[in-house]
1. In the range 46-77, which residue that is in contact (Cβ under 8 Å) with a residue 60 or more places away in the chain and under 15 Å from the mean Cα position of the chain (by Cα) is farthest from Thr116 (Cα to Cα)?
2. Please state which one of Val186, Val115 is at pLDDT 95 or above, of a type in the set (A, V, I, L, M) and farther than 26 Å from Phe34 by Cβ.
3. Inside the range 93-125, can you point out the residues that are in a loop (DSSP other than H, G, I, E, B) and either buried (at least 23 other Cβ atoms within 10 Å of the Cβ) or of a type in the set (Gly, Ala, Ser) (or both)?
4. Based on this model, can you work out whether Ile133 counts as at pLDDT 95 or above, among the aliphatic types (A, V, I, L, M), closer than 26 Å to Leu205 by Cα and in contact with a Pro (Cβ under 9 Å, 6 or more places away or on another chain)?
5. Looking only at the range 51-58, decide whether some residue is under 25 Å from Pro167 (Cβ atoms) and out of contact with any Gly (no Cβ under 8 Å at 6 or more places or on another chain).
Amino acid sequence: MDECSYYLEYLKRTSRFPQSIYHVAKQDSVRKVFASIPATSCVLDAGCGIGHITGPYSGRYAIFGIDEQRSAIQYCQAHWKGTYVQASLNKIPFADNFFDLIVFLDAIEHLDKPVTALRELARVLKPGAPILICTMNYASPLWFILEHTWHRFVGGSCKPYSREVHPTHYTSGVLRGHCSGLFEEVFLEERVMGMELLYLGKKHLDIE
């Protein structure tokens, strides 16, 4: 199986048992944040993958997705009603203050320059609008064990323990530091037995 095919298959497996267990809390938070914004709002799925988290909302909201992987964008275009663009999060092809909500799930840890991407996300987010960020918690001993057992032995070519795959390791303090000055924190929680960080912030009103 080539890398593009494997990438898609790996993402599809995240919605199947047993991987789906890890993502239940995240999906619940996504439902809540969508319920807090008006229908027809413009929503950006940053690092959208196969779009399986936000795609189901595309009938009611204007969903936009960005991913660097062409195969992922093609999959989203074939399966969801949203607008999907192959682009870098370091240079987002949308106007300032365009989006009413941004979801940034399980992607920030893949970036070499996450603060650059966060600044771009702040640029395209409307002042006061929410951003939901999810990433693994590298302060969690349980995540360390999972990363070096499950992912090493049955994870296939997905290697999150490799710095090439996850160049940025997040803890609560690192995530807060990277979001500081861009977003006002609503909450930052450790979930899934402490293995997952979930951050909800709102763009500072004084950022143009």
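The values are calculated or read from the model by the stated rules, or taken from the named source; none is laboratory data. The structure presented is a predicted model; accordingly, all values stated were derived computationally and were not measured. Cβ atoms come from the backbone with ideal geometry, glycine included; neighbour counts cover every protein chain shown.
1. It comes out as Ala72.
2. Working: Val186 fails: farther than 26 Å from Phe34 by Cβ.
Residue meeting the stated conditions: Val115.
3. Quick first cut of the range 93-125, residues in a loop (DSSP other than H, G, I, E, B) only: 93-98, 100, 106-107, 111-113.
Passing the criteria: Ala95, Ala107.
4. Values: at pLDDT 95 or above: yes; among the aliphatic types (A, V, I, L, M): yes; closer than 26 Å to Leu205 by Cα: yes; in contact with a Pro (Cβ under 9 Å, 6 or more places away or on another chain): no.
It is false that Ile133 is at pLDDT 95 or above, among the aliphatic types (A, V, I, L, M), closer than 26 Å to Leu205 by Cα and in contact with a Pro (Cβ under 9 Å, 6 or more places away or on another chain).
5. Taking the range 51-58 and keeping what is under 25 Å from Pro167 (Cβ atoms), we get 51-54.
Subset that is out of contact with any Gly (no Cβ under 8 Å at 6 or more places or on another chain): 52-53.
Checked against the condition, which is being under 25 Å from Pro167 (Cβ atoms) and out of contact with any Gly (no Cβ under 8 Å at 6 or more places or on another chain), the range 51-58 yields at least one hit.
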